[in-house]
Amino acid sequence: MTGDDIESPATPLIERFREGDRDALAEVYQRWSALVYSIALRSVGNRSDAEDLTQLVFMSAWRSRHTFRPESGSLAGWLVGITRHSCADHHAGRARLHAVLNSVAQERVLETHGQVEDTVVDQLVVANGLAELGEPRTSILQLAFFGEMTHEEISRRLDLPLGTVKSHIRRGLIELRNRLKEVNGDASGR
Amino acid sequence: MHPDDDLLAAVALGETIDDDTHQHVWGCIECRREVGELRDVLAIVTQRPPVSLTKPNPDVWDQIEAQLGRAGDELISSDRRDDRRARPRRIMPWVAGAAAAGLVVGGVSGAIIVRGDEATSAVVATTALKTLDTDRADGTANVERRGSRLDLAVRTGPLDAGSGYIEVWLINSDQKRMVSVGVLPPGTSEKRFPIAADLLTQGYLIVDVSREAFDDKPQHSGDSLLRGTLPA
């Protein structure tokens, strides 16, 4: 429900982005810059380079927005892909940073050096998804998973019916699964 | 008949379910796979230590906007401007001047508004926008939260863009940094701009509406029409 809210105004975000709507880029940045930056930070290990990479990733995405194919994956997955390419380039050192801008949209073999492990990327994707669920769902899941509170405790703490808490946790888990699938290119449509 | 996602999630979460569902799930390859996937996600989300998502410094977005040639580029519809190199933007001397002179002529009339319903948009902060020369209120700027998203909603009276366009900015209270929020399209007096959630906490509290020329300069023109300060 909340995921849809964000994209509800008339034209979907993806479409507006592909059409070159600057506001859509701002929205894309707001939703996924923390994810991109966090992956980059883990890959390169310092803020300054990670910031440069984040900038490059969004510039690349914007410039090659016409090449994005919604049918073959989500925007988040595409951005994560570009991030990985960019990190690989950074480590390979064979491309000056600005060259990434022009070549990142092309298919190419990834260097393994400096790659952030898939499991860490998955963790970050899920963390990003969790923050995006919207309230009160985000808080409920955080209390359940990080606060290790029982459903009854959460129900009392947030003054919500027990059934509502349970339902949020189930729906939240399903949403997180869907986000992860989108990014990993396994769109089963569920 | 497969149980719905909700029930499968309940199974993955280890909740007690009725016997029929239980029997079906463990006898059905498809449902078992679904439950397996959901458990994987559960394992990821509860993994220790938890990963922390870090937001990039707001300067990163400034740089992107600067590189894109920002607002003018959309109106002029020229892609060549994309090739410009990013350059850090410096605050104009006039801002520092205004600050020294007792900061922000345009009204410190901001006030915290009680948050409304969580599901709809709730006004988090608001300020009147006033003309710099005559201190006349001619609009408002609201920061509105909708779900996890933050918008700056700007409403103004009719503004004269001259031969240029009208741009909205957020200026940091440190008087050293500013970000372009976006452009008010010609003939528009009201627009919502998505903004990064941490801009306000980082001190970008001064809402500034300026007149900009199509001059290929991404910096603030210095020609401010309206201004207001959001409460910290």
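The values are calculated or read from the model by the stated rules, or taken from the named source; none is laboratory data. What you see is a predicted model; the values in this text were computed from it and never measured. All Cβ positions, glycine included, derive from the backbone under ideal geometry; neighbour counts span all protein chains shown.
Out of the residues in the stretch A:122-167 meeting the condition of being touching a residue at least 12 places away in the same chain (Cβ under 8 Å) and away from every other protein chain (no Cβ under 11 Å), tell me which one is nearest to B:Arg149 (Cα to Cα).
Among them, the one singled out is A:Ile140.
Considering only the stretch B:9-55, state which residues are in a helix (DSSP H, G or I) and among the small types (Gly, Ala, Ser).
Narrowing the stretch B:9-55 to residues in a helix (DSSP H, G or I): B:9-12, B:19-27, B:29-45.
Those that are in a helix (DSSP H, G or I) and among the small types (Gly, Ala, Ser): B:Ala9, B:Ala10, B:Ala12, B:Gly27, B:Gly36, B:Ala43.
Yes or no: B:Leu7 within 8 Å of chain A (Cβ to nearest Cβ) and without any contact (Cβ under 8 Å) to a residue 60 or more places away in the chain? Reasoning before the result, please.
Details: within 8 Å of chain A (Cβ to nearest Cβ): no; without any contact (Cβ under 8 Å) to a residue 60 or more places away in the chain: yes.
Considered against the rule, which asks whether it is within 8 Å of chain A (Cβ to nearest Cβ) and without any contact (Cβ under 8 Å) to a residue 60 or more places away in the chain, B:Leu7 comes out as no.
Which residues, taken from the stretch B:174-198, are out of contact with any helix residue (DSSP H, G or I) (no Cβ under 8 Å at 6 or more places or on another chain) and outside any strand (DSSP E or B)?
From the stretch B:174-198, those out of contact with any helix residue (DSSP H, G or I) (no Cβ under 8 Å at 6 or more places or on another chain) are B:174, B:176, B:181, B:184-192; that's our starting set.
Of everything in the stretch B:174-198, those that are out of contact with any helix residue (DSSP H, G or I) (no Cβ under 8 Å at 6 or more places or on another chain) and outside any strand (DSSP E or B) turn out to be B:Asp174, B:Lys176, B:Pro185, B:Pro186, B:Gly187, B:Thr188, B:Ser189.
Residues in the stretch A:10-28: is at least one facing another protein chain (nearest Cβ under 9 Å) and within 13 Å of the chain's Cα centre (by Cα)? Before the answer, list the steps.
If we filter the stretch A:10-28 for residues that are facing another protein chain (nearest Cβ under 9 Å), which is where we start, we get A:20-23, A:25-27.
Now restrict to residues that are within 13 Å of the chain's Cα centre (by Cα): A:27.
Within the stretch A:10-28 (the criterion being facing another protein chain (nearest Cβ under 9 Å) and within 13 Å of the chain's Cα centre (by Cα)), the answer is yes, since at least one residue qualifies.
Has the stretch A:148-158 got at least one residue that is within 23 Å of B:Glu37 (Cβ to Cβ) and aliphatic (A, V, I, L, M)?
no
Being surrounded by 16 or more Cβ atoms within 10 Å (Cβ to Cβ), at pLDDT below 85, within 13 Å of the chain's Cα centre (by Cα) and not small (Gly, Ala, Ser): is that true of B:Val168 here?
Working: surrounded by 16 or more Cβ atoms within 10 Å (Cβ to Cβ): yes; at pLDDT below 85: no; within 13 Å of the chain's Cα centre (by Cα): yes; not small (Gly, Ala, Ser): yes.
No.
What number of residues within the stretch A:28-58 satisfy the criterion of being surrounded by fewer than 18 Cβ atoms within 10 Å (Cβ to Cβ) and either touching a Pro at 6+ places or on another chain (Cβ under 9 Å) or farther than 24 Å from B:Pro50 by Cα (or both)? Please lay out each step first, then the result.
Of all residues in the stretch A:28-58, those surrounded by fewer than 18 Cβ atoms within 10 Å (Cβ to Cβ) come to A:45-49.
From what is left, the residues that are either touching a Pro at 6+ places or on another chain (Cβ under 9 Å) or farther than 24 Å from B:Pro50 by Cα (or both) are A:47.
Total meeting the criteria: 1.
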